[in-house]
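Reviewing the structure listed below.
The values are calculated or read from the model by the stated rules, or taken from the named source; none is laboratory data. Small disclaimer: the values here were computed from a predicted structure and weren't measured. Cβ: placed from backbone, ideal geometry, glycine included. Neighbour counts: every protein chain shown. Note: areas computed on protein heavy atoms with side chains; ligands, DNA, RNA excluded. Shrake-Rupley method; radii C 1.70, N 1.55, O 1.52, S 1.80 Å.
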Amino acid sequence: MDVAIVGVTGYSGTVLYTLLAKHPAIDQINLYGHQDEGKDGEVRYLDELIPGFYGNHIKIQKFNPQQIMADNAAVFFATSAGVSGQLAGEFIDADFPVIDLSGDYRLPDPAEYEKWYHKPAAPAEHLQKATYSLADFYQPGTNYIANPGCYATATLLGLAPMVQNDLIDPDTIVVDAKSGTSGAGKKLTGITHFTEASDNLQLYGLNTHKHIPEIVAQLKKWNDSVNAIQFSTTLLPLTTGLMASIYAKVKPGVDQEKLMSAFNQDYADSNFVHVLDGTTPDLKEVVGTNNCDIGVVYNPVTQTVMVISVIDNLMKGAAGQAVQNFNHLFDLAESTGLPTLPAFV
């Protein structure tokens, strides 16, 4: 089949292109810009915008929903916040398959979106037609797939077995998450400037990070006793990789064995989630893959469980999960076109 990408030049879009280019079910990738490329109608090509794609002389076409739907089986939005919310309406009205890597359709309430994103929300009737799809817990829904955020992915996969099985006190959840600079996108900011990011650790988005509401919303679907979490994010002086360190008080009678039983049950048939017993994973074990490695360590002295969840923020946290959702949507084998061996460099 042929597929479309809107927003190929961002980090997530670039990684998405490399995955789809090797996907055995995809014949052609058509690229579209959501604004005029260049000046005075100048035509731009992928290998000009991203020299690393030498030889991929693919035209970036102007955004045209009718053309996209006529020429493709699905479209991926790899755009920044605020873009797909304004442009995706025609696809929703036509029930056309969309995988959206942005946050524009993750929250069903327009007011909630505007509170956290500080941008105009998509129409409420369109938001209701989107499915928030954590791919490892995929449930068939609509043709509009809202791909979870990177922090949300690592956090939710680390919390799911404990929240679903009511093993922890929901009022004690603390998440200390850290990510490489690629998670902030290509647009330069004060904290992502090399001089600031190198040899440094920086907290950011305290109590305001955009992924908080989607995490809480999904946790409440699993267990309605979850009302809030304490969540912090730190910028690592790395390009890729994300680690979520999760802490919570366990309920009476819960020990390492019960915790591991819940994790092993949830992920027994998972292609991508690997559970470690009593040890913790490193970032390098997942960079370059669509995997999520999880370590579970219980401290009986403090009755506290620590879960370490690691992913590649551009793969499992963005492009890789988008392809995983695409595979689900088109009834393909879940692991089709997705790498599972780390780069180790």
| query | Which residue, of Val307, Val296, Val301, Val275, is free of Cβ contacts under 8 Å to residues at least 12 places away in the same chain, farther than 25 Å from Ile145 by Cα and either surrounded by 15 or more Cβ atoms within 10 Å (Cβ to Cβ) or not acidic (Asp, Glu) (or both)? | reply | Val301
| request: Have a look at Ala146, Ala135 and point out the one that is open to solvent by less than 50 Å² (accessible area, probe 1.4 Å), touching a strand residue (DSSP E or B) at 6+ places or on another chain (Cβ under 7 Å) and under 20 Å from Glu334 (Cβ atoms). | output: Ala146
| query | Do we have any residue at all in the range 35-44 that's closer than 18 Å to Ser12 by Cα and in contact with a helix residue (DSSP H, G or I) (Cβ under 9 Å, 6 or more places away or on another chain)? | reply | no
| Residue count, the range 179-213 (criterion: in a helix (DSSP H, G or I) and of a type outside the set (Ser, Thr, Tyr)) | 8
| task | Mind counting the residues in the range 319-335 that are open to solvent by 10 Å² or more (accessible area, probe 1.4 Å) and more than 17 Å from Val273 (Cβ to Cβ)? | result | 4
| What residue, of Asp176, Asp166, Asp136, is in a strand (DSSP E or B) and touching a residue at least 40 places away in the same chain (Cβ under 8 Å)? | Asp176
| remark: Note on Ala184: of the conditions (1) buried (at least 19 other Cβ atoms within 10 Å of the Cβ); (2) aliphatic (A, V, I, L, M); (3) modelled with pLDDT under 95, unmet is (1)
| Would you call Leu238 touching a residue at least 12 places away in the same chain (Cβ under 8 Å) and closer than 30 Å to Phe194 by Cβ? | yes
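Consider Ala130 carefully, then state whether it is modelled with pLDDT of 95 or more, touching a Ser or Thr at 6+ places or on another chain (Cβ under 8 Å) and open to solvent by less than 10 Å² (accessible area, probe 1.4 Å).
no
When only residues in the range 245-267 that are in contact with an Asp or Glu (Cβ under 6 Å, 6 or more places away or on another chain) and touching a residue at least 60 places away in the same chain (Cβ under 8 Å) count, which is least open to solvent (accessible area, probe 1.4 Å)?
As a first pass, look at the range 245-267 and keep what is in contact with an Asp or Glu (Cβ under 6 Å, 6 or more places away or on another chain): 245, 249, 260.
Applying the additional criterion that residues be touching a residue at least 60 places away in the same chain (Cβ under 8 Å) yields 245, 249.
On the way: Ser245: 8, Lys249: 87 Å².
The qualifying residue least open to solvent (accessible area, probe 1.4 Å) is Ser245.
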| So which residues in the range 211-221 are open to solvent by less than 100 Å² (accessible area, probe 1.4 Å) and charged (D, E, K, R), if there are any at all? | Glu214, Lys220
| If Gly141 satisfies every condition in (1) in a loop (DSSP other than H, G, I, E, B); (2) surrounded by 17 or more Cβ atoms within 10 Å (Cβ to Cβ) but one, which is the exception? | (2)
| note | Counting only residues that are open to solvent by less than 60 Å² (accessible area, probe 1.4 Å) and among the aliphatic types (A, V, I, L, M), the range 192-210 contains a total of 1
| said: So Thr280 ticks every box in (1) of a type in the set (Val, Ile, Thr); (2) open to solvent by less than 30 Å² (accessible area, probe 1.4 Å); (3) more than 17 Å from the chain's Cα centre (by Cα) but one. Which box is left unticked? | reply: (2)
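Name the residue, out of Leu242, Leu235, that is under 26 Å from Glu112 (Cβ atoms), buried (at least 21 other Cβ atoms within 10 Å of the Cβ) and under 16 Å from the mean Cα position of the chain (by Cα).
Checking each option against the conditions leaves just Leu242.
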| remark: Selection over the range 214-251 where residues are assigned to a loop (DSSP other than H, G, I, E, B) and of a type in the set (D, E, K, R) yields a count of 2
| field | Lone qualifier among Ala130, Ala154, Ala122 - being touching a Gly at 6+ places or on another chain (Cβ under 6 Å) and not polar (S, T, N, Q) | value | Ala122
| said: Condition first: among the aliphatic types (A, V, I, L, M), within 24 Å of His211 (Cα to Cα) and either at pLDDT below 95 or over 22 Å from the mean Cα position of the chain (by Cα) (or both). Can you find one or more residues in the range 245-261 that meet it? | reply: yes
